[in-house]
Structures are given as structure tokens and as C-alpha cells.
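Asker: I am attaching a structure below and will ask some questions about it afterwards.
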Amino acid sequence: MPTGYDPTTIWGVIVAAGILTFAIRGSFIYLFGRIDTVPTRVKSALEYVPAAIFAALVLPALVAPSGSLELSLGNERLVAGTLAAIAAWYTERVVVTIAVGMIALWVLRFVL
């Protein structure tokens, strides 16, 4: 799809984004050996990063499996994901959560 920008501008943006990304990642490597302790507030905020990333990866597959928003009981992925989330809330066990989610998805998809 053509844009209103010339190729030099597009490549300039790509190179600038690459340099900025490299600088951000490199700064953590540079600071790793120079900071003795991580502040408590940063450490507590970093505890939520894995859950936030996982949610950002999973949520689109649950609420929009075909590319458009589907918030209904006909969306078996959303129903199975909700049941898995409830199982996770009550049991706090990963294996139980995965089992409940997969069994629910299989039952909804192949039985009902």
C-alpha cells in the first residue's frame, strides 16, 4: 500500500527506531554492573511484568479469535479462558488452570 512518505523518510524512521531500541536494551546491560541495589518501588513494579505480558499476549486470542471483537457465549475460547481464570483464582495452581481451560475448550468445541 503506497504512503505519502518517500523511502528515505521511511528508512530513517526504521533506523531511528532500531537505534532507540538498541540503546534502551543496552542501557540495562550497562547499568547491570554499576547499580548495587534495585529500589524497592522498581522491584515491586517489576513483579507484575510477566503477568502483564502474558495478558497482552492471551487477551486478543480470547476476545477476538477471528479478528473482530466477539464477546458472547458463542466464543468458546472466551468461555474456556474465563473458566480457566476462575480455576486459577480458586486453586492458584498452573497445572489445574491449564487442564480446566483445555478440557473446557475441547468440550465446547467438539461436544457441544
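Asker: Within the chain, what's the longest run with no chymotrypsin sites (Phe, Trp or Tyr not before Pro) in a DSSP loop and at most 15 other beta-carbon atoms within 10 Å? Give the range, please.
Answerer: 49-112
Asker: Could you calculate the FRET efficiency of residue 63 with residue 23 from 1/(1 + (r/R0)^6), where r is the beta carbon distance between them and R0 is 41 Å, rounded to 0.05?
Answerer: Efficiency, from the Cβ-Cβ distance: 0.75.
Asker: Taking only DSSP H segments of four or more residues, each worth -39500 (n - 2.57), what value at 222 nm results for the chain once the sum is divided by all its residues, to the nearest 500 deg cm²/dmol?
Answerer: Taken over the chain, the calculation gives -22500 deg cm²/dmol.
Asker: Which trypsin sites (Lys or Arg not before Pro) in region 1-101 pass both tests, a DSSP loop state and at most 16 other beta-carbon atoms within 10 Å?
Answerer: Those that pass, being in a loop and sparsely packed, are 34, 93.
Asker: How much length would be gained if the chain were fully extended between residue 9 and residue 36, taking 0.36 nm per residue of separation minus their Cα-Cα distance, in nm to one decimal?
Answerer: Computed gain between residue 9 and residue 36 is 5.5 nm.
Asker: Still on this structure, I have one more. Distance between Cα centroids, region 4-29 to region 58-112: provide it in whole Å.
Answerer: Each part reduced to its Cα centre gives a spacing of 38 Å.
Asker: Using 20 Å as the cut-off for backbone N distance, which residues of region 16-39 belong to the label zone defined by a point 7 Å from the Cα of residue 49 along Cα→Cβ?
Answerer: 18-39
Asker: From the Cα trace of the chain, what convex hull volume per residue do you get, rounded to a whole Å³?
Answerer: 195 Å³
Laboratory data are not the source of any read-out in this text; all were calculated from the coordinates shown. All values derive from a computational prediction rather than experimental measurement. Note that each Cβ is placed from the backbone with ideal geometry, even for glycine, and that neighbours are counted across all protein chains shown.
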